1. Can you name the residue in the range 110-125 that is surrounded by 10 or more Cβ atoms within 10 Å (Cβ to Cβ) and modelled with pLDDT under 80 and, of all such residues, is farthest from ARG82 (Cα to Cα)?
2. Within the range 95-106, can you find the residues that are exposed (fewer than 11 other Cβ atoms within 10 Å of the Cβ) and either at pLDDT 85 or above or part of a helix (DSSP H, G or I) (or both)?
3. Can you find a residue in the range 30-41 that is out of contact with any Lys or Arg (no Cβ under 8 Å at 6 or more places or on another chain), over 20 Å from TYR115 (Cβ atoms) and small (Gly, Ala, Ser)?
4. If we keep just the residues of the range 2-59 that are at positive phi and either part of a helix (DSSP H, G or I) or free of Cβ contacts under 8 Å to residues at least 40 places away in the same chain (or both), which is surrounded by the fewest Cβ atoms within 10 Å (Cβ to Cβ)?
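The values are calculated or read from the model by the stated rules, or taken from the named source; none is laboratory data. Remember, it's a predicted structure, so these values are computed and weren't measured experimentally. Positions of Cβ are backbone-derived with ideal geometry, glycine not excepted, and every protein chain shown enters the neighbour counts.
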Amino acid sequence: MVNSQTIHAYRHLYRGLLHAVQFSKPARYVARDQLRKAFREKNAVLDPRGVGRTLRFLDAAAKARGLEHAVLKNLLTVAFWRYYHRRPSWHFMMHDKRTKRKTTEFQEHVEATAYKHYDMTVAMLNKSMGLCLR
């Protein structure tokens, strides 16, 4: 069973994300999915100080269109395209089956390492500011 502190942290973060993205449709769904994924990880530990700092970051992103808003917007845009890039459309999948194209070693390498530096940058941002962003 999940304790009440975890539930309150989830609700506060979700509410802060909704206000920060101003309830815009693609961004709120991406933020919700990322938040769900983070809270459903096994062996995850809740960091109350990190949650508090993240809530202040989201509050600043909601109040003004400054640096925090731009960072959050870019994080959610990358997460959106990262997810939908892996999900090809139905038409593309049918065309790919008919032509029977095979992926090359280079394509597999690019797909495996395309977001490596981006992930490292976000991890350094989280570490330096004490945030809990993904």
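1. VAL110
2. Scanning the range 95-106 gives LYS97, ARG98, THR99, GLU105, PHE106.
3. no
4. Step by step, filter the range 2-59, then rank; the result is ASN43.
Residue-by-condition table, conditions (1) closer than 21 Å to TYR29 by Cα; (2) at pLDDT below 75; (3) touching a strand residue (DSSP E or B) at 6+ places or on another chain (Cβ under 9 Å):
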position	(1), (2), (3)
ARG65	yes, no, no
LEU72	yes, no, no
LEU76	yes, no, no
ALA79	yes, no, no
HIS85	yes, yes, no
HIS91	no, yes, no
ARG134	yes, no, no
